[in-house]
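Novice: Quick one: the structure is below, and I'll ask about it shortly.
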Amino acid sequence: MNRRSSLLARVAGAILLTTASIGTIAMLLSERIVEGQRHQDLLRRAELVAATQADALSGFVWEMDNRSAQRMIEALTARDPAIRSIAVFETDREQPLARTAVGKIAGKTEDADGIVTVERPILLHGREGRVQTVGHLRIAYSTAEVRQATLDALIPVAGLLLLSLLGAMAALGLTLNRMVLRPLRRLTQLASAMARGEYGARMDAGRSDEIGVLADGFNRMAATVQDHTSTLESRVRDRTEALAATNRAIMDSINYAQLIQSAILPSAGTLSTGLTEHFVLWRPRDVVSGDFYVCREVEDGFVVAVADCTGHGVPGAFMTMTASAILNNALDQLGAADPAAVLAAVDRKVRAALHQEEEARGGADCFDNGLDLGLCHIRPAEGKLVFAGARIPLLVVADSGLDGGLTELRGDRRSLGYRPSAFRATGSEPVGLDAESPFTNHSIALRPGQTFLMGTDGLVDQNGGERGRSFGRIRLHELLSQGAHGPLDRLKTDVESSLDRFQCGREQRDDITLFGFRVRLTDAAAISSTGSGRRAA
């Protein structure tokens, strides 16, 4: 993770490193220069002392007065602490006439121990102006005081340099903070404000240097972004309002279409005429549905039907209007005695209405629509129900006093209204008006306590649960078997609750319709059913 560091700290560090390097180099050079000057001063002093002492010792050396010479050089050593040793030699003699013993002195100008040695001849001036060398003087001076004097001279310089460095850093830091860092921090804050959507942020641009140019560029950019954002927001607001108005118009149309679709569905009074009990679970995936159900009286009883048209929403609703009208027309023309023939007639009429029998219609105009349909003709007086289905089954739950089980009468595996090519693919041809119906009638004897249910595949295909699997026929059959002997209103509530728990907030995949009913038998039919039941027992 990159850690943010202050620009001032980095600049100050660079200045400190640079100044410290320059200061160190300057101190080293100053040390060399000062030490050289002090060393030269020491040499000049040593030569002066040596010359003076040599002149003073000429008489003692000539007279061989070693005691006086010894006292003189000892007094000199006491007065000058830099002197390490003094030796006085006679001419042509290796043993010194007098010396201050510090060890034997080598005859060199400067040794490794920081010793400077100066030698001067001892001259005797005669009366006739003659000059005679009677000996020589050797003085050894220590250079330690040169080091100390150099340090004493450089300490004030170093202190002054350090103070100058600190002052320069402080002044540079304040100037840098005022002229560079503070505007940059302000620029960073304004950039963050723009990122949060505060496009009115501006920076003072009264300077003519690089920071002023940067501030002016930022202000122009902020103004451009604010202008573009305002224009975009205005356009989005206008488009949103237009879309909202369009959506309201569409939803008003769809809601009105729902009223029209609801008008074709049977009323509660119609359902109660021939049914002891009933319930309808009708859940469109959208506002309008591609499913519909029918309950209408006919000459010898009444008809109950459930249909699932192609699609859902508005296209499915258009199909329900067409299919419902065609079904009622077929019932009016053929009657309800032969449900299989009614299914065949609906099949032909739907294909004719949608021009799906014309194979020449292809390309973009080619479409394939139809429906699944379950149709029951109920004859209460005869105690009989005749069922025919096109991919929609009829579920029968008998009274527990009889066989007490659930029976599924499956419809034929063929839908209604689709193009002929769909049938040729399966090897079957569409039937004509006089041909035998491809659908099958199932006759059921009505008995007290029977519950009949028809539904579309939207319920069993709804996904849910932990794994997202479909609701399934087995789950539905178990639920219906357990609750079909009680009130149908409670059965409807149980089915809805189970579906809601299973769906668990997932989107509904298709339109859902489940129609459950019990037939109101006439007295004669009820007695006949009871008698036949006893004889069967």
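Novice: If I compute solvent accessible area with a 1.4 Å probe over the protein chains, what percent of it on the chain is carbon and sulfur?
Specialist: 53
Novice: Roughly how many Å² of residue 29 are accessible to a 1.4 Å probe, to the nearest 10?
Specialist: About 110 Å², ignoring ligands and nucleic acids.
Novice: Also, quick follow-up: Can you tell me how the stretch 256-395 classifies by the Cα gyration tensor, rounded, prolate or oblate, using a/c under 1.5 as the rounded cut?
Specialist: On the way: a/c = 2.26, a/b = 1.40, b/c = 1.62.
Taking the square roots of the gyration eigenvalues as a ≥ b ≥ c, the stretch 256-395 is oblate.
Novice: Could you report the accessible area of residue 252 in Å², rounded to 10, computed with a 1.4 Å probe on the protein chains as they sit in the structure?
Specialist: Looks like 100 Å² after rounding.
Novice: For the pair residue 131 and residue 469, how long in nm is the line joining their label points, each one 7 Å along Cα→Cβ?
Specialist: It works out to 13.1 nm between the two label points.
Novice: With a 1.4 Å probe and all protein chains kept in place, how do 248, 207 rank by accessible area, largest first? Intermediate results must be reported in sequence, preceding the final value.
Specialist: Working: 248 135, 207 85 Å².
Largest accessible area first, the residues go 248, 207.
Novice: At 0.36 nm per residue, and after removing the present C-alpha to C-alpha distance, how many nm does the segment from residue 493 to residue 228 gain when stretched out fully?
Specialist: On the way: separation 265, 0.36 × 265 = 95.40 nm, distance 5.55 nm.
Full extension from residue 493 to residue 228 adds 89.8 nm.
Novice: So which DSSP H runs in the chain come out at 30 Å plus along the axis (Cα) with average Kyte-Doolittle of at least 0.5?
Specialist: Qualifying helices: 7-63, 144-176, 313-334.
Novice: Let me ask you something else. At a 1.4 Å probe radius, which order do 85, 21 fall into by accessible area, largest first?
Specialist: Values: 85 5, 21 55 Å².
If we order 85, 21 from most to least accessible, we get 21, 85.
Novice: Continuing with this model, one more query. 5 Å is the cut-off here: which amide hydrogens, built 1.01 Å from N in the peptide plane, fall below it relative to residue 384, excluding neighbours closer than 5 in sequence?
Specialist: For residue 384, the qualifying residues are 379, 446.
Novice: With label points built 7 Å along Cα→Cβ from the Cα atoms of residue 145 and residue 277, find their separation and express it in nm.
Specialist: About 13.1 nm, to one decimal.
Novice: When the chain is fully extended, how far beyond the present Cα-Cα distance does residue 204 get from residue 25, taking 0.36 nm per residue of separation?
Specialist: Length difference between fully extended and current span is 60.1 nm.
Novice: What accessible area, in Å² to the nearest ten, does a 1.4 Å probe give for residue 293?
Specialist: Around 20 Å² of this residue is reachable by solvent.
Novice: Hey, another quick one. Write down the accessible area per residue of the stretch 229-363 in Å², having rolled a 1.4 Å probe over the full set of protein chains.
Specialist: 49
Novice: Just one of (1) -0.20, -0.29, -0.40, -1.01; (2) -0.53, -0.60, -0.69, -1.01; (3) -0.26, -0.36, -0.49, -1.06 is log10 I(q)/I(0) by the Debye sum over Cα atoms at q = 0.05, 0.06, 0.07, 0.11 Å⁻¹ calculated from these coordinates, so which is it?
Specialist: Entry (2).
Novice: Grab the Cα-Cα distance for residue 298 and residue 17, subtract it from 0.36 nm times how many residues apart they are, and report the gain in nm with one decimal.
Specialist: Full extension of this stretch gives 90.5 nm more.
The values are calculated or read from the model by the stated rules, or taken from the named source; none is laboratory data. Keep in mind that this is a model prediction, so the values were computed, not measured. So basically every Cβ, Gly included, is an ideal-geometry build from the backbone, and we count neighbours across all protein chains shown. Side chains included, ligands, DNA and RNA excluded: accessible areas come from the protein's heavy atoms. Shrake-Rupley method; radii C 1.70, N 1.55, O 1.52, S 1.80 Å.
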